[in-house]
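FYI, it's all coordinate maths here, none of it is from the lab. From a predicted model like this one, the values you see are computed outputs, not experimental measurements. Every residue, glycine as well, gets a Cβ built from its backbone with ideal geometry; the counts of neighbours run over all protein chains shown.
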Amino acid sequence: MFQDSPVHAVLFYGPQGSGKSELARMLTQYWLCTKPGETGPCDECGSCRSFERGRHVDVLKIEPGGLSYLLRLGQIVPVDGGADDDVPLTTFFRSSAIAGRNKVAVLHDVHRMNADSANALLKTLEEPPKRTKLILTTDSVSSVLPTILSRCVAVACELPKLDELRLAFSDATEDEILLSAGSPGRLQHIINRRKDFAPMLKFLKALPQQPAGASLVLADEYRELCEGIGEKGAVRAANAEGLVILADWLATHNSLGPKATQAAIEAHRRILQNGSAGLVFDSLFTRILAARS
Ligand SMILES: [Zn+2]
């Protein structure tokens, strides 16, 4: 990857936690670096230093947003009445790089695009201005338009096997590795927030032995544990993460059966669709404990 080539667009695809963002970051720095070596960016030039400070003028990050979580047309090309804080991709690419070797635009979750945005992006991919580079990421490559795919170098990212995680995170406990479900990103989060994840682990281990009548108490307890692992003010995101962890845990420790896992996956979906957390958790734990009998 770190060879100079005519490649101007790379798509990193793979499941959440497979390192797409990290690879996108490395490639961005490499394309910006003014003295790149054979193995990557130099880490020393002015361009590398601004990048590491997170203040590089030649980088544009584009992410889906809003309730629909879509990449809007106004993020790709200028539109009438576009949001003030949007710098559209084509506007960004119109001027040449100031400090970097190239201008680099990073578009995350490119499967979250309607046809208008996708066609606008396609035009840029077909005729990229000189010294511009595009990096795309997605965890749903099958939802990316084939015409977009065909104009990118697609790089598959895979979750590392548990043994590789054990080697890479030698300070992680075996329970923490299991809780990560093979995702390095999640394992790092667990290690960073060890104190908050420890009671969650204890809760999950004790779950199969809980009496059926305890479901509402357990629902409240797990909701609190979820809030404990999240960022302040991001309760819904924390609930969603806690439910994914629960679903993965149930799937790998199947003493509660596949119906329990299914219930957790559905609860996660309902939370993402703005369902009431109280109701979602109550019904989830009732179903989990009922699935056991
Ligand atoms: Zn450099």
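Which order do the peptides 35-48, 216-229 come out in when sorted by mean C-beta neighbours inside 10 angstrom, highest first? Walk me through the numbers on the way to the answer.
On the way: 35-48: 15.4, 216-229: 18.0.
Output ranking for 35-48, 216-229: 216-229, 35-48.
Helix 258-272: angle to the longest alpha-carbon principal axis of the chain, degrees 0 to 90, nearest 10? Here the helix axis deviates by roughly 50 degrees. Listed peptides 98-104, 150-156 appear in the order 98-104, 150-156 once ranked by packing, highest mean of other Cβ atoms within 10 Å at the front. Pairs of lysines in the chain whose Cα atoms sit within less than 18 Å of one another amount to 14, provided the residues are eight or more positions apart or on different chains. Charge tally for S283 (other residues, Cβ to Cβ under 11 Å; Lys, Arg +1; Asp, Glu -1): 0.
Specify whether the C-alpha gyration tensor of the range 170-293 places it in the rounded, prolate or oblate class, a ≥ b ≥ c being the square roots of the eigenvalues: rounded for a/c under 1.5, otherwise prolate if a/b is larger than b/c and oblate if not. Spell out each step's value before the answer.
Details: a/c = 1.67, a/b = 1.24, b/c = 1.35.
Note, shape of the range 170-293 comes out oblate.
The orientation-averaged projected area of the convex hull spanned by the Cα atoms of the chain comes to 17.1 nm². In this simple spin-label approximation, L279 and D116 carry label points 7 Å from Cα along the Cα→Cβ vector, and these lie 3.3 nm apart. Each label was represented as a point 7 Å from its Cα along the Cα-to-Cβ direction; for V87 and S170 these points are 4.2 nm apart.
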